[in-house]
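Notes for the one structure printed next.
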Amino acid sequence: CNAAGEEVALAQVGEPVMLAVRVCAREAVGALTVGFMLRDRVGATVFGTNTFHLGVPVGPLAAGQECEVVFAFAANLGPGSYAVTVAVHAGAAHVEENFHWVDRVLVFEVANVGRPPFVGVAWLPVRVEVR
């Protein structure tokens, strides 16, 4: 979603965006970790994080209870196509009690509008000075 909460398939380089992950517990569960990963058009991992690493506890959840985890960040990505993977698990990494994992749950494009051209998968706001 964009900063206004509207779903978008195209983000501009550097634009504030949000990824909302809704979790529904089929049975009672203790502390959860919710995470996401961005991959580029060839499947290379560009970035990933989760609530454990960010120090944000999720849960416990009762059977049938839902929660929504919203990750907000700037789309400091190079122009191109990106796929989102989401996971819900216990602990720091998905190798511990992996409850759910969805590859390519969402695909979106990034376009460079109004910024100087650059190459790569990351946009770094650079200042230059000649002395």
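The values are calculated or read from the model by the stated rules, or taken from the named source; none is laboratory data. Just so we're clear, the structure is a prediction, and the values are computed from it rather than from any experiment. Ideal geometry is used to build each Cβ from the backbone, glycine not excepted, and the neighbour counts take in all protein chains shown. Ligands, DNA and RNA are excluded from the accessible area calculation, which covers all protein heavy atoms including side chains. Shrake-Rupley method; radii C 1.70, N 1.55, O 1.52, S 1.80 Å.
From the residues in region 92-101 that are part of a strand (DSSP E or B) and either over 25 Å from V17 (Cβ atoms) or within 12 Å of the chain's Cα centre (by Cα) (or both), which one is modelled with the lowest pLDDT? So that I can check it myself, show each step before the final result.
Initial filter on region 92-101 (part of a strand (DSSP E or B)): 98-101.
Still in the list and also either over 25 Å from V17 (Cβ atoms) or within 12 Å of the chain's Cα centre (by Cα) (or both): 98-99.
Numbers: N98: 89, F99: 93.
Only one residue fits best here, namely N98.
Just checking, which of R127, R104 is open to solvent by 80 Å² or more (accessible area, probe 1.4 Å) and assigned to a loop (DSSP other than H, G, I, E, B)?
Values: R104 fails: assigned to a loop (DSSP other than H, G, I, E, B).
Every option except R127 fails the conditions.
Which of the following residues is surrounded by 13 or more Cβ atoms within 10 Å (Cβ to Cβ), under 15 Å from the mean Cα position of the chain (by Cα), free of Cβ contacts under 8 Å to residues at least 12 places away in the same chain and within 28 Å of W123 (Cβ to Cβ): F71, F36, F47? I'd like the intermediate steps shown before the answer.
Numbers: F71 fails: free of Cβ contacts under 8 Å to residues at least 12 places away in the same chain; F36 fails: free of Cβ contacts under 8 Å to residues at least 12 places away in the same chain.
Among F71, F36, F47, only F47 is surrounded by 13 or more Cβ atoms within 10 Å (Cβ to Cβ), under 15 Å from the mean Cα position of the chain (by Cα), free of Cβ contacts under 8 Å to residues at least 12 places away in the same chain and within 28 Å of W123 (Cβ to Cβ).
Hey, V8 hits all of (1) under 13 Å from H89 (Cα atoms); (2) part of a loop (DSSP other than H, G, I, E, B) but one; which does it fall short on?
(1)
Identify all residues within region 1-15 that are in contact (Cβ under 8 Å) with a residue 12 or more places away in the chain and surrounded by fewer than 14 Cβ atoms within 10 Å (Cβ to Cβ); write none if there are none. Full working, then the answer.
Going residue by residue through region 1-15, those that are in contact (Cβ under 8 Å) with a residue 12 or more places away in the chain are 1-3, 5, 8-15.
Scanning region 1-15 gives A3, G5, A9, L10.
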